[in-house]
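Engineer: Okay, handing you the structure first.
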Amino acid sequence: MAQLSAKKKADPRPLKTTAETRRILDALFTQHPNADTELDFKNAYQLLVATILSAQCTDVRVNQVTPALFKRYPDAGALARASTAELEPQIQSTGFFRAKSRSLVGMATDVVEQHGGKVPETMDELVRLPGVGRKTANVVLGHAIGVPGLPVDRHVLRVANRIGIAKSDDPEVVERQLGSAMPPERWTQASDTLILHGRRICKPKPLCGQCAVRPHCHYYKTVIAKASKGAAGKAIPK
């Protein structure tokens, strides 16, 4: 009984082996050689704020909002002294501004009161901050602190599952699957690359003709190619 229960809880296996996953990611690294976060920041505090604002919002929009925000609130201490009513109109264009303003003020207050004004540098401490989930923590760890982190957002979920290098709708499961296939020093690069590939190529309606890993993509072989053959067959009257 215990063994059955353990099997049910075990992560599903990706369709690709570790070696295949590494080769696929190497090809994607080549296609997107400068993949990086597209949020503008100068330190961990700025990236943490920007990442909280980026939920359900484009990085372009966040980058339009943050310069004035960082000028007015240059550190966690300044942001902690702000009221949500004062903050809301400044971030309104990013969407969900009431919830985000509460998260930002709460996050800044905890950073000041519990961490001496410095953004914490561990996953456990980061995810205890208001408005900070595992994805946000991984973004800050990997890009601003230099600690390996593998953020899994909707793009990573879509691309990794389509290709077959991951198999789950759960971001934490996909993080573990990708992380086990790559050395920690490449985790952040892998995430950035998959995100960029999802934004540019493997969109909800994918541009398969521009994809460097199309020959190895499970989704292309099982869905796109079959649909194309079916359409071609129907187009030719007998």
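The values are calculated or read from the model by the stated rules, or taken from the named source; none is laboratory data. Note that the structure is a prediction, hence the values are computed from the model and not measured. Backbone-built Cβ (ideal geometry, glycine too); neighbour counts: all protein chains shown.
Engineer: Let me confirm something: among Ile91, Ile52, which residue is part of a helix (DSSP H, G or I), touching a Gly at 6+ places or on another chain (Cβ under 8 Å), farther than 30 Å from Val213 by Cβ and modelled with pLDDT of 95 or more?
Structural biologist: Ile52
Engineer: What helices (runs of 4 or more DSSP H) completely inside region 122-163 contain at least 1 residues that are surrounded by fewer than 19 Cβ atoms within 10 Å (Cβ to Cβ), modelled with pLDDT of 95 or more and acidic (Asp, Glu)?
Structural biologist: The qualifying helices (runs of 4 or more DSSP H) are 123-126.
Engineer: Count, please, the residues in region 168-185 that happen to be surrounded by 16 or more Cβ atoms within 10 Å (Cβ to Cβ), over 16 Å from the mean Cα position of the chain (by Cα) and not in a helix (DSSP H, G or I).
Structural biologist: Residues that pass the stated criteria total 1.
Engineer: Please specify each residue of region 55-66 satisfying the condition of being in contact (Cβ under 8 Å) with a residue 24 or more places away in the chain and either crowded, with 21+ Cβ neighbours inside 10 Å or more than 15 Å from the chain's Cα centre (by Cα) (or both). So that I can check it myself, show each step before the final result.
Structural biologist: To start, the set of residues in region 55-66 that are in contact (Cβ under 8 Å) with a residue 24 or more places away in the chain comprises 55-57, 61-66.
Selection gives Arg61, Val62, Asn63, Gln64, Val65, Thr66.
Engineer: What residue, among those in region 26-50 that are in contact with a Ser or Thr (Cβ under 7 Å, 6 or more places away or on another chain) and within 16 Å of Glu185 (Cα to Cα), is surrounded by the fewest Cβ atoms within 10 Å (Cβ to Cβ)?
Structural biologist: Phe29
Engineer: How about region 105-121: which of its residues are buried (at least 21 other Cβ atoms within 10 Å of the Cβ) and touching a residue at least 40 places away in the same chain (Cβ under 8 Å)?
Structural biologist: Met107, Val111, Val119
Engineer: Any residue that is part of a helix (DSSP H, G or I), in contact (Cβ under 8 Å) with a residue 12 or more places away in the chain, polar (S, T, N, Q) and in contact with a helix residue (DSSP H, G or I) (Cβ under 8 Å, 6 or more places away or on another chain) - is there at least one of those in region 31-40? Walk me through how you get there before you give the answer.
Structural biologist: Within region 31-40, the first condition is being part of a helix (DSSP H, G or I), and the residues that meet it are 31.
So of that shortlist, the ones also in contact (Cβ under 8 Å) with a residue 12 or more places away in the chain come out as 31.
Filter once more, keeping what is polar (S, T, N, Q): 31.
Subsequent filtering for residues that are in contact with a helix residue (DSSP H, G or I) (Cβ under 8 Å, 6 or more places away or on another chain) retains 31.
Looking through region 31-40, at least one residue is part of a helix (DSSP H, G or I), in contact (Cβ under 8 Å) with a residue 12 or more places away in the chain, polar (S, T, N, Q) and in contact with a helix residue (DSSP H, G or I) (Cβ under 8 Å, 6 or more places away or on another chain).
Engineer: Need pairs with beta-carbon distance below 9 Å; first residue farther than 16 Å from Pro148 by Cβ and within region 122-137, second among the acidic types (Asp, Glu) and crowded, with 16+ Cβ neighbours inside 10 Å; sequence gap 6+ or separate chains.
Structural biologist: Pairs that qualify, where the first residue is farther than 16 Å from Pro148 by Cβ and the partner is among the acidic types (Asp, Glu) and crowded, with 16+ Cβ neighbours inside 10 Å, are Arg128/Asp110; Leu129/Asp110; Pro130/Asp110.
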